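Below is one structure, written out as structure tokens; comments come after it.
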Amino acid sequence: MAEDINRNLRDHESNVSDWHLKNAVIYLYKFFDLFNTKWFTGQLPQAVISFKKTRVTTLGHYNYGRNEFGLRHEINLNALYLERPFCQILATLLHEMVHLEEDARGMKPKKSRGNHHTKYFIDRSKALGIPSDDKGHLIDMTEPFTSFIQAYGVKIIKEAPGAKKLKKGHSNLKKYSCGCTNVRVGSKRFSAVCRFCGKEFVQVE
């Protein structure tokens, strides 16, 4: 069940006059409602849409439980990737709505090696036309998703809908190798001998 603060925040985001994302969020909430009615029988609680910068490997995420402000049902669309075609952003929104559906049903998945996409999620996403791989990465946009958003004037652009063109992260760690093993070290000074081959680690990049 949606909390009043979620509805109030939606109203605030949609009406604030000096925010460059105002028009985008209005359109996204419009599609949240359309998707909710079309594929979730209108039963999903009101989500809060945010635009925080997160890991470069993530297009968006759903926050299970409460976030740092005590809010529930937060869908974040990574601010690093808001320049993507709108159809792809909508695919990410619908992807996170499936997580919201699981949460609303008490189906919080168990994380496994960084993955938290259940068999239900994979099957549900495929049925909606936004199939994901076993890590939850969007791999295509198909029916019925494509026809549905096209009916509202959204152009389908399929180039790299998922992780293909994600930005590369930057690391300050330096790579060392002994010949049989590679390690990355943040310390400016590093000296070690490999216990397997007996050779000293040397910096390789």
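Values in this text are rule-based calculations from the coordinates and carry no lab data. Keep in mind the model is a prediction, meaning the values are calculated, not measured. Virtual Cβ from ideal backbone geometry, glycine too; neighbours counted across all protein chains shown.
Just a few scattered comments:
- Annotation for Ala2 and Ala104: the two label points, set 7 Å from Cα along the Cα-Cβ direction, are 1.0 nm apart.
- Using a Förster distance of 45 Å, the FRET efficiency for Lys22-Asn182 (Cβ separation, nearest 0.05): 0.45
- Pairwise label distance in nanometres, Tyr120 with Cys197, each label 7 Å out on the Cα-Cβ vector: 4.8
- Region 28-83 shape via C-alpha gyration tensor axes, a/c threshold 1.5: oblate
- Normalised radius of gyration (Cα atoms, divided by 2.2 N^0.38 Å) for region 4-150: 0.99.
- Measuring r between the beta carbons of Leu82 and Gln150 and using R0 = 22 Å, the FRET efficiency lands at 0.55.
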